[in-house]
Ligand code: SF4
């Protein structure tokens, strides 16, 4: 894994841990993305305003953790990151950053999206689902968020293990919330 500088410095155990935690994160990200797309897809498809910005897409590129997820787990490679209009992540089916997308992109819901849900309870549940990845990354380094990581040296084995625990908790909570919101898996 030549792109993981610290991985080769710290050896195979670090790389194994990194792959394991990365895999767990991406599994949760995929489940959350499917649930979110189920709600925002119909609204965004007919919306004239694009709330995405190139500077948000680039958070994936600038952050070693998200960049690792993108490079290791994303099918779409070679996005034109330097492009500002339209934002590089946007493709014909919406955001093409399927792994390692900036966590705050998931948590933002405009008024139209929220009002497409029928009850306050559904809105609250949906917002909580949207916030899960943001919450998983909270306090990754003291008070700093996972999105603030700029260097591999900051992604220590201890922090990875703590992150893994939060991913587990986030996954459990997501499954509870999804069954509340959809009463079953979306699309089933
Ligand atoms: S949702 Fe995707 S395309 Fe939109 S700003 Fe975020 S990363 Fe970029």
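The figures follow:
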{"quantity": "Of residues in the range 1-33 being surrounded by fewer than 16 Cβ atoms within 10 Å (Cβ to Cβ) and not in a helix (DSSP H, G or I), the one modelled with the highest pLDDT", "calculated": "11"}
{"quantity": "Residue satisfying all of: in the range 64-94; within 23 Å of residue 19 (Cβ to Cβ) and within 12 Å of the ligand (Cβ to nearest atom); modelled with the lowest pLDDT among these", "calculated": "76"}
{"quantity": "Cβ pairs under 7 Å, 6+ apart, first in the range 164-176 and farther than 15 Å from residue 146 by Cβ, second part of a helix (DSSP H, G or I)", "calculated": "171/28; 173/132; 174/28; 174/31; 174/32; 174/129; 174/132"}
{"quantity": "From the options 167, 129, 97, residue that is within 16 Å of the chain's Cα centre (by Cα), more than 16 Å from the ligand (Cβ to nearest atom) and under 22 Å from residue 25 (Cβ atoms)", "calculated": "167"}
{"quantity": "Test: residue in the range 42-50 that is in contact with a helix residue (DSSP H, G or I) (Cβ under 6 Å, 6 or more places away or on another chain), touching a residue at least 24 places away in the same chain (Cβ under 8 Å) and under 27 Å from residue 24 (Cβ atoms)", "calculated": "no"}
{"quantity": "Scan of the range 38-57 for residues that are under 17 Å from the mean Cα position of the chain (by Cα), within 11 Å of the ligand (Cβ to nearest atom) and assigned to a helix (DSSP H, G or I), ordered by number", "calculated": "40, 54, 55, 56, 57"}
{"quantity": "Close pairs (9 angstrom Cβ cut-off, 6 or more residues apart or separate chains): at negative phi in the range 74-102, part of a strand (DSSP E or B) anywhere", "calculated": "76/91; 79/91; 87/95; 89/95; 96/90; 101/95"}
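The values are calculated or read from the model by the stated rules, or taken from the named source; none is laboratory data. For clarity, every value in this text was computed on a predicted model and none was experimentally measured. No Cβ is skipped: glycine too gets one built from the backbone with ideal geometry, and neighbour counts run over all protein chains shown.
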